Amino acid sequence: MFPPVDEWPDNDLIAIGANLEPETLIGAYQRGIFPMIVELPQSVLGWWSPVRRGILPLDSLRVTRSMRQSSRRYDVKVDTCFVEIMKGCADPLRPKGWITDEFVEAYTRLHELGWGHSVEVFDRTGRLAGGLYGVRVNGLFAGESMFYRQRDASKVALMFLVDLMRDVGMTLLDVQWCTDHLASLGAVEIDRREYFERLTAALETTGIGALGARSDLLPNVD
């Protein structure tokens, strides 16, 4: 059980412990919470809801000429190699890596259940050039991580995701924290209260599309 909102601390870390079972994860996303490892000093499972939340408004993505040119060199697919995308994001050579084998296993299970999704970018030889993954709950896409092996590949994945979300009637792209890199692409910060308002509206939105089956037809987690 997650603590009620009125008992949350005035910082980003809401709770520690629990597990990564599907019911726990989807229940967390429905409440505006996501998991990430925290060092205390040992590694433990932390549950986060940033006081200043990063989102990418779907009408604010900044698409540069370089990104458009790169998009013509790649082929983009959805949900064809979810595990490979997660492992690319979990590359131990990446700085501040936090995606453990436990996370890969847990989110693969979400993918098998229709909640977890990946956007994959391939070059013209068929090699995986980059991509992203996250969790969809109705009108929400909670972006978890993205990576690239070739120029602009993760940005092309993001372009495709935004277009896809628009097409299927989704409304909220959550990017957790607004880093300088994400800000350069159009991400902004909003306070926790405003995020909850947008989240409530997104969870009431349903749609059909290439991001899997309608999630409202899957078991709801209270």
**Request:** Please indicate, with yes or no, whether at least one residue in segment 165-188 is at positive phi and polar (S, T, N, Q).
**Result:** yes
**Request:** With respect to R73, determine if the residue is over 19 Å from V156 (Cβ atoms) and basic (K, R).
**Result:** no
**Request:** Write out, first by first residue and then by second, each pair whose Cβ atoms fall under 9 Å of each other, whose residues are 6+ apart or on separate chains, and whose first residue, in segment 75-95, is in a helix (DSSP H, G or I) while the second is basic (K, R) and surrounded by fewer than 19 Cβ atoms within 10 Å (Cβ to Cβ).
**Result:** G88/R149
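On the given criteria, is D101 closer than 21 Å to W48 by Cβ and charged (D, E, K, R)?
yes
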**Item:** Which numbered condition R127 fails, given (1) at negative phi; (2) buried (at least 23 other Cβ atoms within 10 Å of the Cβ); (3) not hydrophobic (A, V, I, L, M, F, W, C)
**Value:** (2)
**Request:** Scan (1) out of contact with any strand residue (DSSP E or B) (no Cβ under 8 Å at 6 or more places or on another chain); (2) more than 24 Å from T171 (Cα to Cα); (3) in contact (Cβ under 8 Å) with a residue 60 or more places away in the chain; (4) assigned to a loop (DSSP other than H, G, I, E, B) for the single condition P41 breaks and write down its number.
**Result:** (3)
**Request:** Would you be able to say whether some residue in segment 59-69 is crowded, with 20+ Cβ neighbours inside 10 Å and in contact (Cβ under 8 Å) with a residue 24 or more places away in the chain?
**Result:** no
**Asked** Out of curiosity, is E120 more than 25 Å from P50 (Cα to Cα), acidic (D, E) and under 14 Å from the mean Cα position of the chain (by Cα)?
**Response** yes
**Message:** If the requirement is being more than 27 Å from I14 (Cα to Cα) and either buried (at least 19 other Cβ atoms within 10 Å of the Cβ) or not aromatic (F, W, Y) (or both), which of these qualifies: V119, V137, V175, V104?
**Reply:** V119
**Request:** May I ask you to verify whether E112 is touching a Ser or Thr at 6+ places or on another chain (Cβ under 9 Å) and either assigned to a loop (DSSP other than H, G, I, E, B) or not hydroxyl-bearing (S, T, Y) (or both)?
**Result:** no
**Asked** Restricting to segment 39-54, what's the tally of residues that are over 20 Å from F141 (Cα atoms) and surrounded by fewer than 17 Cβ atoms within 10 Å (Cβ to Cβ)?
**Response** 6
**Request:** Under 6 Å between Cβ atoms, at least 6 apart or on separate chains: pull out the pairs that start in segment 114-143 with a residue that is within 19 Å of L199 (Cα to Cα) and basic (K, R) and end on any residue that is modelled with pLDDT of 95 or more and in a strand (DSSP E or B).
**Result:** R136/H117
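The values are calculated or read from the model by the stated rules, or taken from the named source; none is laboratory data. All figures in this text were calculated on a predicted structure; none of them were measured in a lab. Methodologically, a virtual Cβ is constructed for each residue, glycine included, from the backbone with ideal geometry; neighbour enumeration extends over all protein chains shown.
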